[in-house]
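The values are calculated or read from the model by the stated rules, or taken from the named source; none is laboratory data. As the structure is a computational prediction, the values presented were derived from the model and not from experiment. Glycine also receives a Cβ, built like all others from the backbone with ideal geometry; neighbour counts cover every protein chain displayed. Please note that ligands, DNA and RNA were not included when accessible areas were found on the heavy atoms of the full protein model with its side chains. Shrake-Rupley method; radii C 1.70, N 1.55, O 1.52, S 1.80 Å.
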Amino acid sequence: QTRSKSFDFISYHTLDDIYKNLDDLAEQYPDKVQTVVAGKTYEGREIKGVKVSFKADNHGIFIEGGIHAREWISPATTMYILHQLLTSNDTDVRALAESHDWYIFPSFNPDGYVYTHTTNRLWRKTRKPYGLFCKGSDPNRNWGYRWNTGGSSNNPCSETFAGSAPFSCIETKSVSEYIKSISDRCYAYISFHSYSQLLLFPYGHTRDHLENYDDLYAIGKKSITALKQRYGTSYKTGNIAETIYTATGSSMDYVKGTFGTPITYTYELRDTGRYGFLLPPAQIIPTGEETMDSLVAIILHRIIMWK
Ligand code: PAY
Ligand code: ZN
């Protein structure tokens, strides 16, 4: 076998390169990594991820990346996490990795991601046409929990178009069915966006502090404190509506509201606007490192609080 197995974190990668690396990892770690295709996109691409498992029947953690096409640091960070789980020698990371089943999907919006590489670097949505002039729904406004009840648009030309109905995007529909099939095995759902340096949790329709707000806020505080230790990067944490703006139809709110998953966070990764969506590739590794620190804190603190 002379096939190259290299994958680096000093540049952003195409969808093909990311998928190739997932296949390579499955080949390299046959007893630990399994590729999973959770569905197809409007343009016919696979929505591919991996399940990583060091032993049978661990509790599951779901990692979602790339639902918004232009937020390139998101797929890069999910790939960084995947590689760390497989190769890190850090004691905490090893404990975290080996005591969970991981479902990691670097791109929930492959058509959009490819479009940002070929045509328009700042494309956010999916690519299915609506009417004559505009393409794409906002896949993070299309999920079937309190769909289109605030912070989304009925205009197909809008960046936050909710779609024609809940799960009108084939992408959100198929991945939601996959998530449902494993939901009883996952106690945590983490999604990655950029930018703003926020650690958000449910919900986006109201500023009210619902369900386990107090726990999620306390864990969130510990997590962003851990994140800051390494490079001084400052985050804020809180619910979506209070911390950024009203938004409905997100994947995280759907998972929380439908399955009652206790640990649900959305990262808005670096930066706060200097480079915005065009975060320089030299920041992939530091972003990955600090995010890994904060993820360790989330899971370890959850264990301390509830076990
Ligand atoms: O549920 O994550 C949420 C809502 C917040 C994000 C959203 O609009 O979906 C925030 C934005 C994002 O990551 O898409 C923030 C960026 C900077 C944007 O495009 O406005
Ligand atoms: Zn986003």
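Tabulated results
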item: Count - residues of segment 192-227 that are more than 21 Å from TYR145 (Cβ to Cβ), touching a residue at least 40 places away in the same chain (Cβ under 8 Å) and surrounded by fewer than 17 Cβ atoms within 10 Å (Cβ to Cβ); result: 2
item: Criterion violated by ILE67 - all others in (1) within 25 Å of VAL255 (Cβ to Cβ); (2) assigned to a helix (DSSP H, G or I); (3) within 16 Å of ligand 2 (Cβ to nearest atom) satisfied; result: (2)
item: Subset of segment 47-56 [more than 17 Å from SER181 (Cβ to Cβ) and open to solvent by 10 Å² or more (accessible area, probe 1.4 Å)]; result: PHE54, LYS55, ALA56
item: Residue count for segment 11-35, restricted to those that are part of a strand (DSSP E or B) and open to solvent by less than 40 Å² (accessible area, probe 1.4 Å); result: 1
item: Filtered residues of segment 249-285 (kept if part of a loop (DSSP other than H, G, I, E, B) and away from ligand 2 (no atom under 15 Å from the Cβ)); result: GLY260, THR261, PRO262, ARG274, TYR275, PRO280
item: Test for SER137: is it away from ligand 1 (no atom under 14 Å from the Cβ), closer than 20 Å to GLU71 by Cβ and open to solvent by less than 10 Å² (accessible area, probe 1.4 Å); result: no
item: Single residue of ALA38, ALA95 found to be in a helix (DSSP H, G or I), farther than 27 Å from PRO281 by Cβ and in contact with a helix residue (DSSP H, G or I) (Cβ under 9 Å, 6 or more places away or on another chain); result: ALA95
item: Pair list, Cβ < 9 Å and 6+ apart or interchain, from segment 17-28 residues that are of a type in the set (S, T, N, Q) to residues that are open to solvent by 60 Å² or more (accessible area, probe 1.4 Å); result: ASN21/LYS5; ASN21/SER6; GLN28/LYS5
item: Meets criteria (outside any helix (DSSP H, G or I), out of contact with any Pro (no Cβ under 7 Å at 6 or more places or on another chain), open to solvent by 10 Å² or more (accessible area, probe 1.4 Å) and in contact (Cβ under 8 Å) with a residue 40 or more places away in the chain) for THR233; result: yes
item: Enumeration of residues in segment 267-278 that are open to solvent by less than 10 Å² (accessible area, probe 1.4 Å) and under 25 Å from LYS222 (Cβ atoms); result: TYR267, LEU269
item: Odd one out for HIS59 among (1) open to solvent by 10 Å² or more (accessible area, probe 1.4 Å); (2) within 16 Å of ligand 2 (Cβ to nearest atom); (3) touching a His at 6+ places or on another chain (Cβ under 8 Å); result: (2)
item: Residue within segment 47-63 that is within 18 Å of the chain's Cα centre (by Cα) and within 16 Å of ligand 1 (Cβ to nearest atom) present; result: yes
item: Residue satisfying all of: in segment 70-92; open to solvent by 10 Å² or more (accessible area, probe 1.4 Å) and assigned to a loop (DSSP other than H, G, I, E, B); nearest to ligand 2 (Cβ to nearest atom) among these; result: ARG70
item: Search result, residues across segment 238-266 that are crowded, with 23+ Cβ neighbours inside 10 Å and among the β-branched types (Val, Ile, Thr); result: ILE240, THR248, VAL255, THR264, THR266
item: Members of segment 96-143 found to be farther than 30 Å from HIS301 by Cα and either of a type in the set (Gly, Ala, Ser) or in contact with a Leu (Cβ under 8 Å, 6 or more places away or on another chain) (or both), listed by number; result: PRO110, GLY112, TYR113, VAL114, THR116, HIS117, ARG121, GLY131, GLY136, SER137
